[in-house]
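Taken together, the values in this text are just the output of simple stated rules run on the coordinates, not laboratory data. Keep in mind that what you see is a predicted model, and the values were worked out from it rather than measured. Every residue, glycine as well, gets a Cβ built from its backbone with ideal geometry; the counts of neighbours run over all protein chains shown.
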Amino acid sequence: KSDIIELRPINSEEENTHGTHAFIATLSYIIEKHLGDKWKDINITVEEGIHELSSINCIITKVDKVKYNQIPKPREIGSKLLNALSVTLPKTISCSDTGVSTRKKLELKRKK
């Protein structure tokens with residue numbers, strides 16, 4: 001039983017939605033359990049840990065004509081969480097001006 005993840009009935013007429021929902025919920029539970037095991041010595045819940053890591057952001061920096069994304073150093077607790085998972089963040093990420101396009105146009109599916 002998880003405090004964050006719940007598997008509840010869903011109503012859908014699309015084929016294979018129930019199996020997909022069960023798969024995603026199971027995968028989420030496995031990830032939550034893994035994070036909880038790795039973070040048990042840090043005295044933080046998985047939900048709090050994910051919230052803390054969500055505060056890590058990216059700053060776009062421009063030097064002359066070159067743009068790059070800079071990742072600031074995480075706070076102390078964020079560093080502990082990442083170290084427990086053996087994750088190291090890069091200091092910079094190259095910047096791309098490529099737009100992202102989805103196959104399905106979401107505006108058409110939204111209710112008006």
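A few notes on this one:
- Within segment 57-98: Cβ-based charge dipole about Cα centre, in debye rounded to nearest 20 (Lys, Arg +1; Asp, Glu -1): 80 debye
- Two-decimal log10 I(q)/I(0) for segment 57-98, as the Debye equation yields it once each C-alpha is a single scatterer, q = 0.34 Å⁻¹: -1.17
- Local electrostatic count, L53, Cβ distance below 12 Å [Lys/Arg +1, Asp/Glu -1]: -1
- The stretch between A25 and Y68 holds 11.9 nm of extra length on full extension. This uses 0.36 nm per residue minus the Cα-Cα distance.
- Placing dummy labels 7 Å off each Cα toward the beta-carbon, the span from S54 to I42 is 1.5 nm.
- Charge sum, other residues only, whose C-beta stays under 14 Å from K80's C-beta, Lys/Arg counted +1 and Asp/Glu -1: 0
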